[in-house]
Amino acid sequence: MTTLTWTEAAPGVWRATIGDSQALTPLSLIGADPRLEALKQMAKANPPFEWEEVRVDNSVSGRQMLTLPLSANEKLYGTGLQFMRMNQRGRTRYLRVNSDPKQDTGETHAPVPFYVSDRGYGVLIDTARAVTMHLGSALRLDETSAEDAKDRNRDAKWRATLPSARAEVRLPEEGADIYVFGGPSLGDAVSRYNLFCGGGTLPPKWGLGFWHRVPTLFNEEEALAEAMEFRRRDYPCDVIGLEPGWHSRSYPVTYEWDAERFPAPERFVRKLADNGFRVNLWEHPYVSPESELYPALKPLSGNYSVWGGLAPDYALPEARELYAKQHKEKHVAIGVSGYKLDECDGSELTNNSWMFPEHARFPSGLDGEQMRQVYGLMFQKMTNDLYRADNLRTCGLVRASNAAASSLPYVLYSDLYDHKQFIRALCNSSFSGLLWSPEVRRARSAEDWVRRMQTVCFSPLAMLNAWGDGTKPWSYPEVEPIIRRYIKLRMRLQPYLYTAFAAYHEKGIPPFRAMPFVVTPEELVHAEQQRMEAEKLNTTDGAYGKRVIPQWDDQYMFGDSLLVAPLVEGESERDVLLPSGSWIGFETGERHEGGGVIRVRAGLDTIPIFVRDGAVIPMMASQPHALRPGEKTQLEFVHFGSVAGSCLLYDDDGVTLDHENGACGWWKAEVTKTEEGGFQGVLSGDSKLPASYSSVKWRFAAIGLALHDE
Ligand code: GAL
């Protein structure tokens, strides 16, 4: 066992190198500068353990094992976009990119080798290789006592996994850089990680509007007609996504417009822009022999094919240039606003297996394992850079990601479709610098439709992905008014949501946060016990000793002041863990005391959302699409409840990168009590009014947003 040499890489961030530092890792690939100023301003963090307690053992099967201490009841979160559980303590995580994360093994679209502890620190392994983390799941013989061996059939205390007091990480053969992020709180450790990775992304304003993807093989006229239907029916919509079929060939792909379905792409994009829509193009990495790029990319590609196409090596600058030039000319120059980067994760499903193998070789020297782990990151970076070159922001979707992605304007999605798993993924993504869309595609019933739409409207990216089902927001006429109201409510909350993303960008605070960010570990344990009693759950389940500990992985914070607790089909009530303080039903106006678990009922027309007493929420009138530069509307500060309060508001032009050079501002809205016992509001900040707003309206002591209120 050897110890490591640690250096402080940034305030509260420590690094040690095991073996050789690798040239291509997630951090080096993204290459974002750490936000040192913001890191300096955070509360001072001390190393979370004695450095001697972190050890490397290279006597095990030729691989270096990193060992870190864990304390008795410590919980660990993160490891990327996990669908099956929130607390990863006691689990072995195989952090390998895979498009079908149907089992709780750790494999997923975005397996980030970063975990955070409820003791307030985080650990990152910066590598392009797949990593195995035993997060307190591997018990050494010399740590085992005779009492640990119990009889499975007769002893209810039998456990499949005995608790271990260490995390063990199987490192790549070449070695890797290890980073430890200090707290003091779990949220601080995550913020430090995000700031170290360049700060969270600030999407363009239109990225926060509603997205609709039209069916496969739609042509120009069909796509335009569907877009205009949103305007005619008074549904806000910002982005129209094209799915396979806009290309001349899709699997493998040409990246060229199909001459029959889209004879005049520039005209198509312009017509949509004239009506306030952006265009997002679906694509994937594997280049068709019919693509004009094929001959030049062939010598710059891996030695295995996917679907008969090339898997280009974008670690090579020449390959990146070819891709960028073609995309710039054919898409960006005519006004396309971004991409959906599909299929960059690979699959081993028995009936649908596709990806280059681990032993594939790429001209840059990377092998198939490394390329698969970072392919999604490469596409995010290349496409983002296309827009950065024009001083524009993009916003898109991606199906594979990894560490260091915080600063990239991409949101993950999946072909999975379990609503509860989708909510859990939303919670879990907040620990790893990721964003997730619980996209809606179809529904079993009008009720399922409403519940899914309610969730997606309170998520990082509100999207209907109708590629295969042809659904529209109005597909269930009996619930149309509810759907329209929630899409509009998302639009009305744009000032609040945009400000939450600005805090992600500047302070590293995720805009959507799981409960461990806002309650203490002790409060969480207490709430788990309450839930266990309420739901009459046993700690053991049958002869296999499976432990059933309820997790609060089905509710989350949306910005600083709103707590969202979605319902799924078949539910009309649920338990909600409310952090301490008083809370008010955002739409119902009902008052609740926090500091524990409450039971709430909600009809189909309501998603349970709670707002802190005294919170001030910046809102605006619903618009057909996000405000474009120069467009203005009225700003409304809605103050809830009975005590004074304040909020921050951020604004900039919403589309360019000028904010990086200071063309942006922060305002503070402060609500205080008057002598007569009423309330008054004052707005102060960088100028009298943010440029996007023509006037300010105040609403005090709101009991709840009236349901009919638009
Ligand atoms: C899938 C993707 C879907 C849709 C489809 C089109 O891989 O997850 O959202 O884009 O491809 O073929």
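The values are calculated or read from the model by the stated rules, or taken from the named source; none is laboratory data. From a predicted model like this one, the values you see are computed outputs, not experimental measurements. Cβ sites come from the backbone with ideal geometry, for glycine too, and all protein chains shown count toward neighbours. Just so you know, the surface numbers come from the protein's heavy atoms only, side chains and all, with ligands and any DNA or RNA stripped out. Shrake-Rupley method; radii C 1.70, N 1.55, O 1.52, S 1.80 Å.
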Given the options Ser145, Met532, Gln22, identify the residue whose Cα lies farthest towards the positive end of the charge dipole of the chain (+1 on Cβ of Lys, Arg; -1 on Cβ of Asp, Glu). Met532
Rounded accessible area per residue of region 320-410, 1.4 Å, Å²: 32 Å²
Count charges around Ala264 for me, please; just the other residues with Cβ under 10 Å from its Cβ, Lys/Arg as +1, Asp/Glu as -1. +1
Could you tell me the center-to-center distance, by alpha carbons, between region 643-710 and region 402-425 in angstrom? 31 Å
At a threshold of 8 angstrom on Cα-Cα distance, excluding pairs fewer than six apart, so keeping six or more, what relative contact order does region 17-79 reach in percent? 18 percent
Working with all protein chains in place, sort His359, His639 by solvent-accessible area computed with a 1.4 Å probe, largest first. His359, His639
At a threshold of 8 angstrom on Cα-Cα distance, excluding pairs fewer than six apart, so keeping six or more, what relative contact order does region 213-334 reach in percent? 22 percent
Quick test of the membrane-span-like rule: which DSSP H helices of the chain reach at least 27 Å along their long axis (C-alpha atoms) with mean Kyte hydropathy at least -1.0? 368-388
Report the relative contact order of the chain, percent, no decimals, based on alpha-carbon pairs under 8 angstrom and at least 6 residues apart. 13 percent
Only Lys, Arg (+1) and Asp, Glu (-1) charged, at Cβ; region 209-365 dipole about Cα centre in debye: 320 debye
To the nearest Å², the heavy-atom accessible area per residue of region 425-562 with 1.4 Å probe amounts to 31 Å²
Protein accessible area in region 199-340, 1.4 Å probe - carbon and sulfur %: 51 percent
Counting DSSP beta bridges with both partners in the chain, what percentage is antiparallel, nearest 5? 75 percent
Cα gyration tensor shape for region 605-710, rounded if a/c is under 1.5, else prolate or oblate: oblate
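Measure up Lys298/Lys328; Lys271/Lys381; Lys271/Lys325; Lys102/Lys488 against 22 Å on the Cα-Cα distance and list the ones that go over.
The pairs that break the limit, which is 22 Å between Cα atoms, are Lys271/Lys381; Lys271/Lys325; Lys102/Lys488.
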How big is the charge dipole of the chain about its Cα centre, in debye rounded to the nearest 20, if each Lys and Arg gets +1 on its Cβ and each Asp and Glu gets -1 on its Cβ? 520 debye
Rounded if a/c is under 1.5, else prolate if a/b is larger than b/c, else oblate: which is region 60-103, with a ≥ b ≥ c the root eigenvalues of its Cα gyration tensor? oblate
Around Pro521, with a cut-off of 11 angstrom between Cβ atoms, what is the net charge of the other residues, counting Lys and Arg +1 and Asp and Glu -1? -3
How much net charge surrounds Glu8 when only the other residues with a Cβ under 15 Å from the Cβ of Glu8 are counted, with Lys and Arg +1 and Asp and Glu -1? +3
